[in-house]
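*Asks:* Could you have a look at this structure, given as structure tokens, before my questions?
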Amino acid sequence: MTAIIDVDRLSFSFGSGALVQPVLKDVTIAIRQGEIVLITGPSGSGKTTFLTIIGGLRQAFHGSVMVLDQQLINSNEQVKIKVRQQIGYIFQQHNLLKSLTALQNVSMTLEMGNTLTEQQRLERSAQMLTAVGLGDRLHYKPDQLSAGQRQRVSVARALVGQPKIVLADEPTASLDKQSGYEAVSILKQLAKESQTTILLVTHDYRILDVADRVVELEDGVIKNT
Amino acid sequence: MIGWFYFPARLAWRQLVFDRTKLVAAICGVLFACVLVFMQLGFRDALYASAISAPLKLNGDLFLMHKQSEALWRPVTFKRSELMRTLGNPAVAEVYPLYLGLAPFKNIETRVKRTLMVYGFDPDSQIFSVETIRGQQAGLKLKDTVLFDEYSRPEFGPLRQLLDNGRNITEINDYKIAVIGLFKLGVSFAADGNIVTSELNFMRIFPKRNRSDIDLGIIKLYPDASIEQTQAELRLRLNEFVNVFTYEELMQYERNYWANMAPIGFIFGFGTVMGWVVGLVIVYQILFTDIANLRNEFATLKAIGYEQGYFIRVVFASAFFLAVLGFVPGCALSVGLYHLAESQIFMPMPMTLNKVTTVFVFILSMCAMAGFLAIRKLKAADPADMF
């Protein structure tokens, strides 16, 4: 199977001139469809930067980053938006819209495509929330949910659009052991059902066992594969 | 595509109603601007309407006025013979002079003097299209008689009551006269009250005036004559120092005086613009802090694939909702304030559809402008910097 994410000699640095701060150095990695890859490493090792480049949120200039057959190096805004739309994103904080209910938050992902009717969108969002165990919390606003429940809503939001790739940036950082593990297990289970690729950045060693492969990043260099 | 606007508008709406306190504050801001603009326009229109209330009631096809006359209330006189010359035109049926003067009127009860406008005219003519004047013209032929405008400010005294009690003798310009009846015309910014009287009585009230120097000439044409053509012919014939106005032109001339010559038009224009600016700043502040507070949410949406244009539409939809939500109560409140003002300044302040649309467009443009200024803040919502 061909790689769904193919990164070749990616280098990235912050700042310019004398203050230039290299973050990623010659990173090369290929991830196949359906694979669950964990990226670990100490703070400041460039994990999140790597993830934002893959997700089309940050522009990189050196090397090659092929995501879903799109070259993201020196890409324009349209290409990045197209890639983002095919990726589900789970953030460190839940990042839900606090004025919307769980159901409305999840269906925000579907409103973008505008291919479904309102009823279909709400049905699919409700199904997805039921799948993450929140079938009885559809009309709760984020304030009325626990941290673990909120993170599960954001898992539902990332998966409801049936993305090919899910990127997760320390999804368990703000959760206790049990709810963190629950959220990641649900993510893994749902992703395996639909052959979704998951790239998960974490330094939470409690969840290493969900991964097919663990990649360690240190000072912008991949240590072992 | 309905979704193009519907989805961002729906999100904007949901975010607005989520924080009720902020929503109420924002609505109050728009409401304030709305009321401010309504009042400025209301006073201005009342001013213009009252300024032309007297010429509005004149019954003529063409009007002669000295070119140096800035407005009816401060006329420059010209020779009566100039008016009589127009009779040489075959289209002209009748001509009548009108004499105008400001004079102090003594309140019958308090004896306090206050200036009002005195109109002198030929009681045999029909130049005023006011029914109550027409019915009492015979009485004006008597010596030292006048009719008093019931719509004059109350400072002149309760004339109707006084007349019923038979107390009708007072002084105008220190000349003793008898008020023999009432009519309804309306006050203007130039004069707090009005009196009509005969030409002869006018000369008695103003001893320095004489009948050959007139303030306004009123020309009536034969029914089948063309007003424009006669106007053009008269312009060629008459002395160059007189203006020949049609009815509409006379109105326009009066209105222009108040709008441009007098500083009053500028004052109201300035007040209107200030209302716009104050509202703009309030709405801008609300939208700006909203974007700043929701930066994280916008960045999240951007990360999952929403385009910049979507957020711009969200901001403009918010601005639009604020405009509408502030305008509706603002308009209702202004109707009430118009009634209050009418009872205080004795000038008509009608809430017309025209005014409602004007102010709505005004408020809409204000909110749109605030939106334009606020969307620059959207750049701060960059997902790469947030995560």
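*Asks:* In the list A:Asp143, A:Asp136, which residue meets the criterion of being of a type outside the set (Phe, Trp, Tyr) and without any contact (Cβ under 8 Å) to a residue 24 or more places away in the chain? Can you show your working first?
*Replies:* Values: A:Asp143 fails: without any contact (Cβ under 8 Å) to a residue 24 or more places away in the chain.
Only one candidate qualifies: A:Asp136.
*Asks:* When the residues of segment B:55-91 are filtered to those that are among the aromatic types (Phe, Trp, Tyr) and not in a loop (DSSP other than H, G, I, E, B), which remaining residue is surrounded by the fewest Cβ atoms within 10 Å (Cβ to Cβ)? Walk me through it before giving the result.
*Replies:* From segment B:55-91, those among the aromatic types (Phe, Trp, Tyr) are B:63, B:73, B:78; that's our starting set.
Remaining after also requiring not in a loop (DSSP other than H, G, I, E, B): B:63, B:78.
Details: B:Phe63: 23, B:Phe78: 25.
Here the answer is B:Phe63.
*Asks:* Please specify each residue of segment B:162-185 satisfying the condition of being in contact with a Lys or Arg (Cβ under 9 Å, 6 or more places away or on another chain) and either polar (S, T, N, Q) or assigned to a loop (DSSP other than H, G, I, E, B) (or both).
*Replies:* Result: B:Thr170, B:Asp174, B:Leu185.
*Asks:* Do you know which of the residues in segment B:100-135 that are small (Gly, Ala, Ser) and modelled with pLDDT of 90 or more is nearest to the chain's Cα centre (by Cα)? Before the answer, list the steps.
*Replies:* Step one: of segment B:100-135, the residues small (Gly, Ala, Ser) are B:101, B:103, B:120, B:125, B:129, B:135.
When the remaining residues are screened for being modelled with pLDDT of 90 or more, the result is B:101, B:103, B:120.
Working: B:Gly101: 23, B:Ala103: 25, B:Gly120: 26 Å.
Ranking the qualifying residues of segment B:100-135, first place goes to B:Gly101.
*Asks:* Of all the residues that make up segment B:102-133, how many are crowded, with 16+ Cβ neighbours inside 10 Å, out of contact with any Lys or Arg (no Cβ under 7 Å at 6 or more places or on another chain) and part of a strand (DSSP E or B)?
*Replies:* Residues flagged as crowded, with 16+ Cβ neighbours inside 10 Å, out of contact with any Lys or Arg (no Cβ under 7 Å at 6 or more places or on another chain) and part of a strand (DSSP E or B) within segment B:102-133 amount to 8.
*Asks:* Within segment B:300-313, is even one residue in contact with a Lys or Arg (Cβ under 7 Å, 6 or more places away or on another chain) and of a type in the set (Val, Ile, Thr)? Before the answer, list the steps.
*Replies:* In the first step, residues of segment B:300-313 are kept if they are in contact with a Lys or Arg (Cβ under 7 Å, 6 or more places away or on another chain); the result is B:303-305.
Within this subset, residues satisfying the condition of being of a type in the set (Val, Ile, Thr) are B:304.
There is at least one residue in segment B:300-313 that is in contact with a Lys or Arg (Cβ under 7 Å, 6 or more places away or on another chain) and of a type in the set (Val, Ile, Thr).
For (1) surrounded by fewer than 21 Cβ atoms within 10 Å (Cβ to Cβ); (2) within 14 Å of another protein chain (Cβ to nearest Cβ); (3) not in a helix (DSSP H, G or I), each residue gets a yes or a no:
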| position | (1), (2), (3) |
| --- | --- |
| B:Trp4 | yes, yes, no |
| B:Pro8 | no, yes, no |
| B:Leu16 | no, yes, no |
| B:Ala26 | no, no, no |
| B:Val30 | no, no, no |
| B:Cys34 | no, no, no |
| B:Phe38 | no, no, no |
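*Asks:* Check A:Val37, A:Val83, A:Val65 and return the single one that is at pLDDT 90 or above and in a helix (DSSP H, G or I).
*Replies:* Values: A:Val37 fails: in a helix (DSSP H, G or I); A:Val65 fails: in a helix (DSSP H, G or I).
The match here is A:Val83.
*Asks:* Is there a residue in segment B:137-152 that is hydrophobic (A, V, I, L, M, F, W, C), under 30 Å from B:Ile264 (Cβ atoms) and open to solvent by 50 Å² or more (accessible area, probe 1.4 Å)? Reasoning before the result, please.
*Replies:* Pass one, segment B:137-152, residues hydrophobic (A, V, I, L, M, F, W, C): B:138, B:140, B:142, B:146-148.
With under 30 Å from B:Ile264 (Cβ atoms) added as a condition, the list becomes B:146-148.
Now narrow it down to the ones that are open to solvent by 50 Å² or more (accessible area, probe 1.4 Å): none.
Looking for residues that are hydrophobic (A, V, I, L, M, F, W, C), under 30 Å from B:Ile264 (Cβ atoms) and open to solvent by 50 Å² or more (accessible area, probe 1.4 Å), one finds none in segment B:137-152, hence no.
*Asks:* Here is a check on your reading of the model: is B:Phe148 in the same structural domain as B:Phe183 (by TED's automatic domain parsing) and within 25 Å of the chain's Cα centre (by Cα)? Before the answer, list the steps.
*Replies:* On the way: in the same structural domain as B:Phe183 (by TED's automatic domain parsing): yes; within 25 Å of the chain's Cα centre (by Cα): yes.
Answer is yes for this residue.
*Asks:* What number goes with the only condition from (1) open to solvent by 30 Å² or more (accessible area, probe 1.4 Å); (2) within 27 Å of B:Ala225 (Cα to Cα) that B:Leu98 does not pass?
*Replies:* (1)
*Asks:* Would you check which residues across segment B:317-348 are without any contact (Cβ under 8 Å) to a residue 12 or more places away in the chain and either crowded, with 21+ Cβ neighbours inside 10 Å or not assigned by TED's automatic domain parsing to the domain that holds B:Phe7 (or both) and list them?
*Replies:* none
*Asks:* Let me ask another. Looking at (1) over 27 Å from B:His339 (Cβ atoms); (2) not assigned by TED's automatic domain parsing to the domain that holds B:Val118, which is the only condition B:Phe32 fails?
*Replies:* Unmet for B:Phe32, out of (1) over 27 Å from B:His339 (Cβ atoms); (2) not assigned by TED's automatic domain parsing to the domain that holds B:Val118: (1).
The values are calculated or read from the model by the stated rules, or taken from the named source; none is laboratory data. Remember, it's a predicted structure, so these values are computed and weren't measured experimentally. Counting neighbours? That spans all protein chains shown, and the Cβs are built from the backbone with ideal geometry, glycine included. For accessibility, only protein heavy atoms count, side chains too; no ligands or nucleic acids. Shrake-Rupley method; radii C 1.70, N 1.55, O 1.52, S 1.80 Å.
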